[in-house]
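Shown next, in structure tokens, is the structure this report addresses.
Derivation of every value follows stated rules applied to the coordinates shown; laboratory data play no part. These numbers come from a predicted model, not from an experiment. We place every Cβ from the backbone using ideal geometry, glycine too, and count neighbours over all the protein chains shown.
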Amino acid sequence: LNVVMPVEHNFTEKQYIREFRAPAGHTIVSKIHNTNHPIFLLEGEVTIIEESGERRVKAPFYFITEVGTKRIVLVHEDCFFVTVHPANSTTIHEVEEEVVAKTFKDVNIQPKDYSALDKFIKEIGVST
């Protein structure tokens with residue numbers, strides 16, 4: 001089941017700020033990130049699964065997303081995220097083109113091995 005979570009978008013000088021909430025029990029599959037940027041978990045508890053492994057974290061928590069990252073987030077408790085992206089764009093459509101890569105080739109990296117992540121996405125029935 002594909003569910004679009006409500007997202008609030010804000011822009012300031014050379015920054016795009018994105019706020020979103022996700023209810024417990026949901027699985028989030030991110031897009032491929034095209035910028036290094038911080039992500040803040042301000043409420044809730046989640047498991048983050050990425051190429052480097054998996055970790056369970058509880059708010060308050062933050063970490064840096066690196067270029068080329070794609071992840072799965074299992075939401076254990078209702079959560080509230082804020083991400084802050086470097087961006088010159090000032091519209092949602094333009095900023096998506098700037099901060100999201102369509103493929104790993106778009107960010108000039110080749111992932112080491114995403115087969116386990118891809119297998120897990122298929123197993124839980126989430127479309128990307």
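From the backbone phi of segment 18-24, what are the Karplus-calculated ³J(HN,Hα) couplings (6.51 cos²θ - 1.76 cosθ + 1.60, θ = phi - 60°) in whole Hz, Gly and Pro given as x?
These are the phi-based 3J(HN,Hα) values: 10, 10, 8, 10, 9, x, 3 Hz.
Of 58/105; 31/122; 14/58, which pairs sit farther than 26 Å apart, going by alpha carbon to alpha carbon?
58/105; 14/58
Need the full-extension length gain, residue 9 to residue 96, defined as separation in residues times 0.36 nm minus the C-alpha distance. One decimal, nm.
30.2 nm
Evaluate the distance, in nm, between pseudo-label points positioned 7 Å from the Cα of residue 52 and of residue 64 along their respective Cα→Cβ axes.
Reported label-point gap for residue 52 and residue 64 is 1.0 nm.
As an exercise, use a Förster radius of 30 Å and the Cβ-Cβ distance of residue 119 and residue 80 to find the FRET efficiency, rounded to the nearest 0.05.
For R0 = 30 Å, the calculated efficiency reads 0.50.
Just to be sure I follow: if Rg is taken over the C-alpha atoms of segment 42-109 and Rh is the Kirkwood radius over the same atoms, what is Rg/Rh?
Radius of gyration over Kirkwood radius for segment 42-109 works out to 1.00.
Calculate the radius of gyration of the Cα atoms of the chain to one decimal place, then report Dmax, the largest Cα-Cα distance, as a whole number, both in Å.
According to the Cα coordinates of the chain, Rg and Dmax are 14.3, 41 Å.
Explain nothing, just the number: dipole magnitude of the chain about its Cα centre with +1 on each Lys and Arg Cβ and -1 on each Asp and Glu Cβ, in debye rounded to the nearest 20.
280 debye
Got a sec to turn the phi values of segment 76-87 into Karplus ³J(HN,Hα) couplings, 6.51 cos²θ - 1.76 cosθ + 1.60 with θ = phi - 60°, whole Hz, x for Gly and Pro?
Here the 3J(HN,Hα) series is 8, 10, 2, 9, 9, 10, 9, 10, 10, 10, x, 7 Hz.
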